[in-house]
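The next block holds one structure in the form of structure tokens; read it before the comments.
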Amino acid sequence: MYSSTGQPQQPISQWSTGLCDCGKDSSSCCLTCWCPCITFGRIGEIVDKGTTSCGVHGALYSLLCLLTGCQCIYSCMFRSKLRKQYMLPEQPCNDCLVHCCCEWCALCQEYRELKHRGFEPSLGWEGNLARQNQGVVMPPVGPKEMTR
């Protein structure tokens, strides 16, 4: 498949679960209902590949919620990042509309998607890297250590 510019197109994958499939992971659903800032913080850390911690994302989300009530604008940006990383379709509508109308469902869906893709959001980015490497950490190799 090629785009109109002649560049090869990447195939679009699908979301692993639907927007309203919150019951498929009741623990993340409950967490999101009572503390959406934690769910969002975990999603944000994984999507940002650890450049910003769960705590910072969660705190910003909470502040936006308390001061403006427009935390959905912040969270929809991470839905867009997640979609781009995994080539997911913009469903059922625009990312900002999904978050403005169904904030908790959107957060639950994103959390489930990360789990489906092999992440355990509660471990954070570093914890997931360690898990993928099965705890094996390679020591850095200095320039003199490579010579004979």
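Just so it is clear, none of the values below were taken in a lab; they were calculated from the coordinates. All of these numbers come straight from a predicted model, not from anything done at the bench. Here the Cβ is made from the backbone with ideal geometry for all residues, glycine too, and neighbour counts use every protein chain on show.
For every other residue with a beta carbon closer than 11 angstrom to the beta carbon of S53, add +1 if it is Lys or Arg and -1 if Asp or Glu, then tell me the sum. So the surrounding residues net to -2. Full extension of the chain between Q85 and Q134 gives 15.3 nm of extra length, using 0.36 nm per residue less the Cα-Cα distance. Label segment 44-133 by shape, choosing from rounded, prolate and oblate, from the square roots a ≥ b ≥ c of the eigenvalues of the Cα gyration tensor; if a/c is under 1.5 it is rounded, and otherwise prolate applies when a/b is larger than b/c, oblate when it is not. Oblate, because a/c is 1.5 or more while a/b does not exceed b/c.
When only C-alpha pairs under 8 Å and at least 6 residues apart count, what is the relative contact order of segment 1-133, in percent?
For segment 1-133, the relative contact order is 32 percent.
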